[in-house]
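See below for the structure under consideration.
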Amino acid sequence: MCRADRGVVLGLHRSGPDRDVLEHALSLGVRGIDTAYNYRGFTSHRALACTAGDLLGEFTVSTKVGYFPSGTGERPMHSLDPDRLRTAVERSAHELGRSPDLVFLHNPELALSGLGPAESYDRLAAACAALAGAARSRICGAWGIATWDPRPLAAAVEHDTSHIQPGVLMLRAGLSVAAPMLSAGENVCRVLDVAPECRWGMSPFGGSTTDPAWSAVDLRAFLAADQDCSTSQAAFRLAYELPPVARVAVGTSNPVHLRDLVAATTLRISDSAISRYRELIQKKGP
Ligand SMILES: NC(=O)c1ccc[n+]([C@@H]2O[C@H](COP(=O)([O-])OP(=O)(O)OC[C@H]3O[C@@H](n4cnc5c(N)ncnc54)[C@H](OP(=O)(O)O)[C@@H]3O)[C@@H](O)[C@H]2O)c1
């Protein structure tokens, strides 16, 4: 029997879609898959449709647009060009064999750095209008913004918010997020009035659990008393608090790890430890 959705989203940034993992995810109550137009050399959508097209109806599928093939075979290039974004959403739906439930504008900050607030706002608003138009045309269910570094975004939305109303905002989450990123992300949520239930976290381990820092820390102080878990589980649970988010996109190709992540969502956290941690990282400065 499938269990209730606990806000775990299986991210496909680092691993290709694996049918066994996806079936296991469903059995654990994991209902979200997050991918992107450019993942796996622009093949992620087709691979997903090919490997698990018949399962996709059981998942909420989110993807992202903003990176495009460079044409020279080199690194993908980033663009907020509205026509390219719209075409990428259409192609995503075609490749997936279904409309994505959610399409994020992928790392818009890359096109905003170095611009003044007014120009940043104009570029961002035009890109958001393209995604909002795609959602209105039902090419995708809803649209949002996924940002790795929310600081340039904060500058744009502090200038104006009138045409920037994402349904979801996805931010880095957890202990690997430095204080300036954390506060800029929370600021963007506040200015855009994105409620906690519409905020998603990503990359709860900063991309890897093999970093020696993870084996050097003891995270038990963050948990309410009398609970046992691994460092990865505690770190994952904390990603729902820093900043407060309803869902967390995490990468794993290991079914045991996925089971551990789902189990971690029920861990109880010490609110006072979270507050103290926030105070400490703010004091430490950038
Ligand atoms: N700008 C953006 O929009 C953006 C940027 C980055 C990420 N994201 C989203 O966030 C998702 C996750 O990010 P990410 O893959 O970069 O980083 P991540 O989730 O922080 O880390 C993934 C790594 O953690 C390991 N791991 C997961 N669960 C574990 C467990 N229970 N125990 C031990 N190790 C565990 C995985 O190894 P195993 O495979 O061995 O479990 C994998 O190597 C992406 O797939 C994407 O959906 C979005």
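A short reminder: the numbers here are calculations on the coordinates, not readings from a lab. All of these numbers come straight from a predicted model, not from anything done at the bench. Cβ atoms come from the backbone with ideal geometry, glycine included; neighbour counts cover every protein chain shown.
See the values below:
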read-out: Only listed residue being more than 13 Å from the ligand (Cβ to nearest atom), under 26 Å from PRO108 (Cβ atoms) and of a type in the set (A, V, I, L, M), chosen from LEU22, LEU80, LEU55, LEU26; value: LEU80
read-out: Count of the range 35-45 residues which are more than 11 Å from the ligand (Cβ to nearest atom) and over 13 Å from ARG91 (Cβ atoms); value: 1
read-out: Residue match in the range 197-204 (condition: surrounded by fewer than 21 Cβ atoms within 10 Å (Cβ to Cβ), in contact with a strand residue (DSSP E or B) (Cβ under 9 Å, 6 or more places away or on another chain) and hydrophobic (A, V, I, L, M, F, W, C)); value: yes
read-out: Every pair of residues 6+ apart whose Cβ atoms lie under 6 Å, when the first sits in the range 39-64 and is within 14 Å of GLY11 (Cβ to Cβ) while the second is acidic (Asp, Glu); value: THR60/ASP101; VAL61/ASP101; SER62/ASP34
read-out: Set GLY71, GLY32: member being of a type outside the set (A, V, I, L, M, F, W, C), away from the ligand (no atom under 14 Å from the Cβ) and farther than 17 Å from ALA93 by Cβ; value: GLY71
read-out: Residues of the range 116-126 satisfying the condition of being more than 20 Å from CYS198 (Cα to Cα) and in contact (Cβ under 8 Å) with a residue 12 or more places away in the chain; value: PRO117, ALA118, SER120, TYR121, ARG123, ALA126
read-out: First in the range 150-178 and within 22 Å of VAL248 (Cβ to Cβ), second anywhere and within 16 Å of the ligand (Cβ to nearest atom) and of a type in the set (S, T, N, Q), Cβ under 6 Å, 6 or more apart; value: LEU153/THR147; ARG172/SER203
read-out: Residue within the range 203-221 that is charged (D, E, K, R), within 15 Å of the ligand (Cβ to nearest atom) and at negative phi present; value: yes
read-out: Those residues of the range 160-186 which are surrounded by 17 or more Cβ atoms within 10 Å (Cβ to Cβ) and away from the ligand (no atom under 16 Å from the Cβ), in sequence order; value: ILE164, SER183, GLU186
read-out: Residue, surrounded by the fewest Cβ atoms within 10 Å (Cβ to Cβ), within the range 247-279, restricted to residues that are within 9 Å of the ligand (Cβ to nearest atom) and among the hydroxyl-bearing types (Ser, Thr, Tyr); value: SER253
read-out: Filtered residue count, the range 117-149, keeping only those that are within 16 Å of the ligand (Cβ to nearest atom) and of a type in the set (Val, Ile, Thr); value: 2
read-out: So PHE68, is it aromatic (Phe, Trp, Tyr), surrounded by 18 or more Cβ atoms within 10 Å (Cβ to Cβ) and closer than 24 Å to SER113 by Cβ; value: yes
read-out: Hits in the range 232-279 - residues which are free of Cβ contacts under 8 Å to residues at least 40 places away in the same chain, assigned to a helix (DSSP H, G or I) and closer than 19 Å to TRP200 by Cβ; value: ARG237, ALA264
read-out: Yes/no for ALA49 being surrounded by fewer than 18 Cβ atoms within 10 Å (Cβ to Cβ) and over 17 Å from the mean Cα position of the chain (by Cα); value: yes
read-out: Output for the range 201-252, where each listed residue is of a type in the set (Asp, Glu) and closer than 21 Å to LEU280 by Cβ; value: ASP211, ASP218, GLU241
